[in-house]
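Asks: Quick one: this structure, given as structure tokens, is what I'll be asking you about.
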Amino acid sequence: MREYLLTLCITAAVTYLLTGPVRKFAIVAGAMPEIRARDVHREPTPRLGGIAMFFGLCAGLLVADHLTNLSEVFEKSNEPRALLSGAALIWLIGVLDDKFEIDALIKLGGQMIAAGVMVMQGLTILWLPIPSVGSVALTQWQGTLLTVALVVITINAVNFVDGLDGLAAGMVCIAAAAFFLYAYRIWYSYGIEAAAPATLFSAILMGMCLGFLPHNMHPARIFMGDSGSMLIGLVLAAGAISITGQIDPDALKLFAGSEKAAVHQTVPVYIPLLLPLTIIAVPAADLISAIVRRTWRGQSPFAADRGHLHHRLLEIGHSHSRAVWIMYFWSALIAFGSLAYSVNSASMWIVLGVVFLSAIGLVLLLLPRFTPRAPMWAQHIVPPRYRRRRRAAVAEAVEVEQRTPVAVGVAGVNGATALSARSHVPERRKAETSR
């Protein structure tokens, strides 16, 4: 665990330190597109944040390769090299798109090629664990098609949800945290070494997102662009493919005694079929709704619009930050709820907890204009908009305005010009009469 945490911290530090210089480079390179109709920001903001995230990925893999225990992942598996190859290709395509706005079909072809590169180097789905059936071996073509489809869907789901400051990085970080805990449990508790690459990918992905988030939170100083959103989507898909299609489910049955215990022990193995989908449930729902909405209107599925989930949250009255936190909440609820179920599927408290938190989430959705106020003891901790000093500040401003004398001839200040002009007319007439 210490080596995973060290890899995470190194990745986050490199990403954080490089984002500032990358921002200056993006401004010089002209990677600051004009504000479009579907954008929610009001000032041109540089892109190419994916450059810093890619070098953070490289730093994390390099550090892990020189650690005592994690170096075995590189010796026993070719998956880290496969991930780096596919990530480099998808990153280059994203950089070109951030700068030159390449066609959507070209990006789709690049995503498929990047997935194919990873498949050629061994990162592919070999079999599927199906409940009540067992392990179903896949042919080479079936595994390749399923792997490419999962990579393309995950990349585009993350890319579609990247519409608000800090939204995509935060949601992927939450998904990576849940996936890390799941993969680490499979690797450490059951002693299955094949889960080590997925655990490493999740730790590095968390570092990439955590290092970029301070620069990307509202108001964002830089966007990750397609070079970043497609990159983190590919890393997330790589972890899901590694732990779903590389681990033999029969290995867990070796640790079980009776048939009932075997069924209970193998429940976590079936979760990978759902967990890769649950961790991107919100982006995937947004992706499906966008495709249906655009094709129903006779548009291309890749045509941009303002019908995404985060756009609708803004339209019903939520602020920018609150819309992001609501999306965080639902992502964490689905991802960690699935994780808790994989640990103890027989506990009714987990189901009740998920239902209770879902009710809280619905209440938050129905109160878009509710502004919570922090207690007095937390006034110096929370942001200024949540403090209870607004009335006092307004009263003080009114008092200062009343005590401040208004200069003569200043236009537009409470009608001061008209009053001042009328007040001087009698004096001027008196002076002319005396003459």
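Asks: Just a yes or no: is a residue in segment 201-211 among the hydroxyl-bearing types (S, T, Y), touching a helix residue (DSSP H, G or I) at 6+ places or on another chain (Cβ under 8 Å) and over 21 Å from S338 (Cβ atoms)? So that I can check it myself, show each step before the final result.
Replies: Looking only at segment 201-211, we keep the residues that are among the hydroxyl-bearing types (S, T, Y), and these are 202.
Right, trim to touching a helix residue (DSSP H, G or I) at 6+ places or on another chain (Cβ under 8 Å) and you get 202.
Narrowing further to those that are over 21 Å from S338 (Cβ atoms): none.
Scanning segment 201-211 turns up no residue that is among the hydroxyl-bearing types (S, T, Y), touching a helix residue (DSSP H, G or I) at 6+ places or on another chain (Cβ under 8 Å) and over 21 Å from S338 (Cβ atoms).
Asks: What pairs can you find where one residue is in segment 76-102 and in contact (Cβ under 8 Å) with a residue 40 or more places away in the chain, the other is open to solvent by 50 Å² or more (accessible area, probe 1.4 Å), and their Cβ atoms are less than 6 Å apart, with a gap of 6+ or different chains?
Replies: N78/Q121; A82/Q121
Asks: Further, regarding this structure: Please go through segment 212-228 and pick out each residue that is in contact (Cβ under 8 Å) with a residue 60 or more places away in the chain and buried (at least 16 other Cβ atoms within 10 Å of the Cβ). Lay out the reasoning, then the answer.
Replies: Initially, segment 212-228 is screened for residues in contact (Cβ under 8 Å) with a residue 60 or more places away in the chain, giving 212, 214-216, 218-228.
Once the filter is applied, which keeps residues that are in contact (Cβ under 8 Å) with a residue 60 or more places away in the chain and buried (at least 16 other Cβ atoms within 10 Å of the Cβ), segment 212-228 yields F212, H215, N216, A220, I222, F223, M224, G225, D226, S227, G228.
Asks: Could you please tell me which pairs satisfy a Cβ distance under 6 Å, a separation of 6+ or placement on different chains, a first residue in segment 117-134 that is closer than 14 Å to L145 by Cβ and open to solvent by less than 40 Å² (accessible area, probe 1.4 Å), and a second residue that is modelled with pLDDT of 75 or more and not β-branched (V, I, T)?
Replies: Hits for this filter: M118/A82; M118/G86; T124/G143; I125/G143; I125/L146.
Asks: Now, a different point. Among the residues of segment 42-67, how many are in contact with a helix residue (DSSP H, G or I) (Cβ under 7 Å, 6 or more places away or on another chain), touching a residue at least 40 places away in the same chain (Cβ under 8 Å) and either closer than 19 Å to Y4 by Cβ or open to solvent by 10 Å² or more (accessible area, probe 1.4 Å) (or both)?
Replies: Counting residues in segment 42-67 that are in contact with a helix residue (DSSP H, G or I) (Cβ under 7 Å, 6 or more places away or on another chain), touching a residue at least 40 places away in the same chain (Cβ under 8 Å) and either closer than 19 Å to Y4 by Cβ or open to solvent by 10 Å² or more (accessible area, probe 1.4 Å) (or both) gives 13.
The values are calculated or read from the model by the stated rules, or taken from the named source; none is laboratory data. Worth saying up front: this structure is predicted, and the values here are computed from it rather than measured. Counting neighbours? That spans all protein chains shown, and the Cβs are built from the backbone with ideal geometry, glycine included. Surface accessibility is based on the protein's heavy atoms, side chains included, excluding ligands, DNA and RNA. Shrake-Rupley method; radii C 1.70, N 1.55, O 1.52, S 1.80 Å.
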